[in-house]
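A short reminder: the numbers here are calculations on the coordinates, not readings from a lab. Just so you know, these numbers come straight off a predicted model, no measurement behind them. So basically every Cβ, Gly included, is an ideal-geometry build from the backbone, and we count neighbours across all protein chains shown.
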Ligand code: NDP
């Protein structure tokens, strides 16, 4: 049916490539292109020989001309951006220049400012409309599936959603005192920033990790979770009409938090360049280099993730609560695709999002977040490709539990 150019060959891209190859009816041909070509070649060597034709290329995705040349040579129907958030705009520029559909899993963030927001990408709306191409933003799990869950809840169970709590629980254990489950630089920038949530039309800012709750997750158990700002809050606050409050919580263990605090206290999480032995280095990038590569966590991570959304609102004038979530087992993922569940839960929806565009189910010129499309075909595909979801119409609410004392 179509051709996809996949940019990036890290944890998420590796899973997406496995899934594209499994879904060969839609992905007839893929080209894996990244900064380090050997990683693309390794993936090709692992997966070649099936129905999907695989090629590889070297590309610097910060360079629009290089991207345009590659797109003109391979002529994909869609570019799947699975590199880093810093490359979103250059890849969107190249898609515009070549009239090629675009998708990604994380919103743009300038490399020198830890501030991610959709404003830069939403500014491309008119240009994508005029070019007659679709840009699908944030098709990972969170953002991604959490937006699809929201659209599904609104379509099937609510007249009005008033409250959304997104709960991201990783009950996995990799045995290291400190490691991050996806790109350490992106992960640490996200969790060391101030928290923020949206209530009654306003953003309310909190200190990092200031708001803590305890929640008992299905198939994982009781975990401490902390309020963070997360990018889908921005789009869902706009796209879910009548919403009164939306928050995002992520679980962290005590060891992770203690290490993070110490690293912060000594300046290792800073993105301000410093002079070291006659060279400018960025402490956070140096830290990334000494931490375990997230891709290496696969074989040693045991346990499960549980990510989902709790909705409260009204249907036919009556109050409704609805919790929809997915549970994913780290070792099962590793057996299937050689990656842990964090990469898996992002790579599968990335493949599904691209398939939605390629099959024409989600094909509308412009720039869109996932919740702006019909959720039903995406929800069906989640069950089919390894991320089945569970519904609970009588969930324990986040604030029902005991409020944990502040640290
Ligand atoms: P990795 O660091 O494992 O992989 C990133 C890949 O991008 C690497 O192969 C890297 O190449 C490549 N890359 C980086 N810069 C360039 C460049 N300038 N040109 C070409 N290639 C480049 O990251 P992950 O796989 O963990 O994450 C990928 C994306 O997924 C990120 O944007 C992340 O924020 C997002 N994500 C989204 C989630 C969601 O649920 N929505 C959850 C988790 C992640 P090299 O090998 O040379 O370094």
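Name the one entry in 310, 352 that is crowded, with 22+ Cβ neighbours inside 10 Å, touching a strand residue (DSSP E or B) at 6+ places or on another chain (Cβ under 8 Å), closer than 30 Å to residue 122 by Cα and in contact (Cβ under 8 Å) with a residue 12 or more places away in the chain. Let's see the steps before the verdict.
Numbers: 352 fails: touching a strand residue (DSSP E or B) at 6+ places or on another chain (Cβ under 8 Å).
The conditions single out 310.
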Query raised in the report: Considering 32, 7, which residue is closer than 27 Å to residue 129 by Cβ and within 16 Å of the ligand (Cβ to nearest atom)?
Result: 7
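When you scan segment 373-387, do you find a residue that is over 30 Å from residue 75 (Cβ atoms) and in a loop (DSSP other than H, G, I, E, B), even just one?
Of segment 373-387, the ones over 30 Å from residue 75 (Cβ atoms) are 375-376, 379, 383, 387.
With in a loop (DSSP other than H, G, I, E, B) added as a condition, the list becomes 387.
Yes: segment 373-387 contains one or more residues that are over 30 Å from residue 75 (Cβ atoms) and in a loop (DSSP other than H, G, I, E, B).
I need the full set of residues from segment 293-307 which are in a strand (DSSP E or B) and within 13 Å of the ligand (Cβ to nearest atom), in order please. Lay out the reasoning, then the answer.
Within segment 293-307, the subset in a strand (DSSP E or B) is 302, 304-307.
Residues satisfying the conditions are 305, 307.
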Query raised in the report: Out of curiosity, is residue 390 surrounded by fewer than 17 Cβ atoms within 10 Å (Cβ to Cβ) and away from the ligand (no atom under 16 Å from the Cβ)?
Result: yes
**Report entry** Considering residues of segment 109-141 that are out of contact with any strand residue (DSSP E or B) (no Cβ under 8 Å at 6 or more places or on another chain), closer than 18 Å to residue 97 by Cβ and assigned to a loop (DSSP other than H, G, I, E, B) only, the residue nearest to the ligand (Cβ to nearest atom)
**Finding:** 123
Requested in this report: Just name the residue that is farthest from residue 388 (Cα to Cα) out of those in segment 308-343 that are touching a helix residue (DSSP H, G or I) at 6+ places or on another chain (Cβ under 6 Å) and away from the ligand (no atom under 14 Å from the Cβ).
Outcome: 311
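Provide a single number: the residues in segment 254-292 that are outside any helix (DSSP H, G or I) and surrounded by 14 or more Cβ atoms within 10 Å (Cβ to Cβ).
First, pick out the residues of segment 254-292 that are outside any helix (DSSP H, G or I): 266-282, 291-292.
Filter again for surrounded by 14 or more Cβ atoms within 10 Å (Cβ to Cβ), leaving 268-271, 282, 291-292.
Number of matching residues: 7.
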Query raised in the report: Quick one: which helices (runs of 4 or more DSSP H) sit completely within segment 1-94 and have at least 3 residues that are surrounded by fewer than 20 Cβ atoms within 10 Å (Cβ to Cβ) and over 19 Å from the mean Cα position of the chain (by Cα)?
Result: 37-47, 64-74
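Let's see how each residue does on (1) away from the ligand (no atom under 14 Å from the Cβ); (2) assigned to a loop (DSSP other than H, G, I, E, B); (3) buried (at least 22 other Cβ atoms within 10 Å of the Cβ):
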site	(1), (2), (3)
149	no, no, yes
164	yes, no, yes
169	no, no, yes
189	no, no, no
198	yes, no, no
204	yes, no, no
226	yes, no, no
234	no, no, yes
237	yes, no, no
Report summary line: Per the filter on segment 355-372, residues in contact with a strand residue (DSSP E or B) (Cβ under 9 Å, 6 or more places away or on another chain) and within 16 Å of the ligand (Cβ to nearest atom) are 356, 368, 369, 370
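Which of the residues that make up segment 206-224 are surrounded by fewer than 15 Cβ atoms within 10 Å (Cβ to Cβ) and not in a strand (DSSP E or B)?
From segment 206-224, those surrounded by fewer than 15 Cβ atoms within 10 Å (Cβ to Cβ) are 207, 210, 214, 216, 221-222; that's our starting set.
Residues satisfying the conditions are 207, 210.
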Query raised in the report: Cβ-Cβ below 7 Å, separation at least six or inter-chain, first residue in segment 277-290 and in contact (Cβ under 8 Å) with a residue 60 or more places away in the chain, second surrounded by 10 or more Cβ atoms within 10 Å (Cβ to Cβ) and part of a helix (DSSP H, G or I): which pairs?
Result: 284/185; 284/188; 285/185; 287/184; 287/263; 288/184; 288/185
Query raised in the report: Give me the pairs: first residue in segment 316-345 and without any contact (Cβ under 8 Å) to a residue 60 or more places away in the chain, second residue in a helix (DSSP H, G or I) and surrounded by fewer than 22 Cβ atoms within 10 Å (Cβ to Cβ), beta-carbon distance under 7 Å, and six or more apart or on different chains, which are they?
Result: 334/299
